[in-house]
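The values are calculated or read from the model by the stated rules, or taken from the named source; none is laboratory data. It should be emphasised that the depicted structure is a prediction, and the values quoted were computed from it without experimental measurement. Every residue, glycine among them, receives a Cβ derived from its backbone with ideal geometry; neighbour counts consider all protein chains shown.
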Amino acid sequence: MPAETGIHCHDVAAELSSAAEGHVPLSNATRSHVEACLRCQADLVQYRKLLRSLRSLRTEVLQPAPGLLPEILAGLEHAGERHAIRAVLHGRRAAYIGGIAAATAAGAAGAIVLASRSKRLKLVG
Amino acid sequence: MPAMTTEMDELVARAQEGDRAAFDELVRRTHADTYTLAYRLCGNEEDARDVVQDAYLRAYKGLKRFRGDAQFTTWMYRITANCANTLMGKRHKHRHDELPETVEDTDLARDPAAQADAMALRQDLSEALAELSPKLRAVVLLRDVYELPHEDIAAELGISETAAKVRLHRARLQLKEHLFPRRGEVDRAS
């Protein structure tokens, strides 16, 4: 809380927490405050201890119940099968739609041919 | 590049080409790690199992989108965080948040005498983490334990980067106050 720096402890709290990570240095104004403030010095040390402890949790791996792995693999198997079925159905649907399109095109072509023939017959008659 | 990473990269490449066995092997190698994060985020085994299951299904379906600019495990952390966030959001709609059980420490077979202080601090830390709200806990775990960048955390939790930073600061402050209570607070409590 030293008043000489014009900065109060609550002004630097967020910066202390970020600085404890070690990537970003304290700004000059904050450093001046911390050098003169025992409370903020203690806070900085505590943040560093906290972050060290949190990082150490990374190496701890909880062992899941033995059933979890088969459960995940079975779920993937099921999803894989559904995907395969969907792919087959999609393929069939594409063939079906293609067939209808081809039949429609053939029908239209036939109609055009018939229409032109009947026109020609009328002209001859 | 470490041999383990190269092996993982090869498995990822094979899985991306449609090799299911390769993906199953990735699951075998990473599921305990993924489960640990899910358990820490959810605070109970049942939800953690659902989250892990969902996370691997999403990873399997989206594997082609994985560009390999991060490790596979890091990518799984992001998906797990997203799945846990979705699940916790649904839970929140249905009931008030309950205080989760304390996250258990695993026995790492270390020398108990040498590690006593650190273990005690970790135990306190586990309790303090369990007391955080799920929103604050997610941010501090992803940033300070799993070291994800702020922007990735924000993206997976569906919040702005600024909001993620604010939550992180609040979470750290609450954890610090739990672990290192000021003298006056201890006196009042005792």
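Checking the structure you have, find out if any residue of the range B:159-170 is assigned to a loop (DSSP other than H, G, I, E, B), over 16 Å from residue A:15 (Cα atoms), over 12 Å from the mean Cα position of the chain (by Cα) and modelled with pLDDT of 95 or more. Looking for residues that are assigned to a loop (DSSP other than H, G, I, E, B), over 16 Å from residue A:15 (Cα atoms), over 12 Å from the mean Cα position of the chain (by Cα) and modelled with pLDDT of 95 or more, one finds at least one in the range B:159-170, hence yes. Close contacts from the range B:42-53, counting a first residue that is under 9 Å from residue B:87 (Cα atoms) and a second that is polar (S, T, N, Q) and surrounded by fewer than 18 Cβ atoms within 10 Å (Cβ to Cβ), with Cβ to Cβ under 9 Å and a gap of 6+ residues or different chains, come to B:51/B:86.
Of the residues that sit in the range B:48-74 and are more than 9 Å from chain A (Cβ to nearest Cβ) and under 12 Å from residue B:33 (Cα atoms), which one is surrounded by the most Cβ atoms within 10 Å (Cβ to Cβ)? That would be B:72. Whether a residue is of a type in the set (S, T, N, Q) and at pLDDT below 90 was assessed, and residue A:5 passes this test.
For the range B:124-141, which positions are within 11 Å of chain A (Cβ to nearest Cβ), touching a residue at least 40 places away in the same chain (Cβ under 8 Å) and under 13 Å from the mean Cα position of the chain (by Cα)?
Residues of the range B:124-141 within 11 Å of chain A (Cβ to nearest Cβ): B:124-126, B:128-129, B:140-141.
Right, trim to touching a residue at least 40 places away in the same chain (Cβ under 8 Å) and you get B:124-125, B:128-129, B:141.
Passing the criteria: B:129, B:141.
With the structure loaded, tell me whether residue A:24 is modelled with pLDDT under 95, touching a Leu at 6+ places or on another chain (Cβ under 7 Å), over 30 Å from residue B:28 (Cβ atoms) and more than 9 Å from chain B (Cβ to nearest Cβ) or whether it fails that test. The answer is no for residue A:24. Pairing each residue of the range A:45-64 that is within 7 Å of another protein chain (Cβ to nearest Cβ) and more than 21 Å from residue B:181 (Cα to Cα) with any residue that is among the β-branched types (Val, Ile, Thr) and surrounded by fewer than 19 Cβ atoms within 10 Å (Cβ to Cβ), provided the two are 6+ apart or on different chains, yields C-beta distances under 7 Å for A:60/B:106; A:61/B:106; A:62/B:106; A:63/B:106. Among the conditions (1) over 14 Å from residue A:63 (Cβ atoms); (2) in contact with a Cys (Cβ under 9 Å, 6 or more places away or on another chain), residue B:10 misses just one, which is (2). Taking the range B:38-47 as the range and being more than 10 Å from chain A (Cβ to nearest Cβ) and under 11 Å from the mean Cα position of the chain (by Cα) as the test, the residues that pass are B:41, B:42, B:43.
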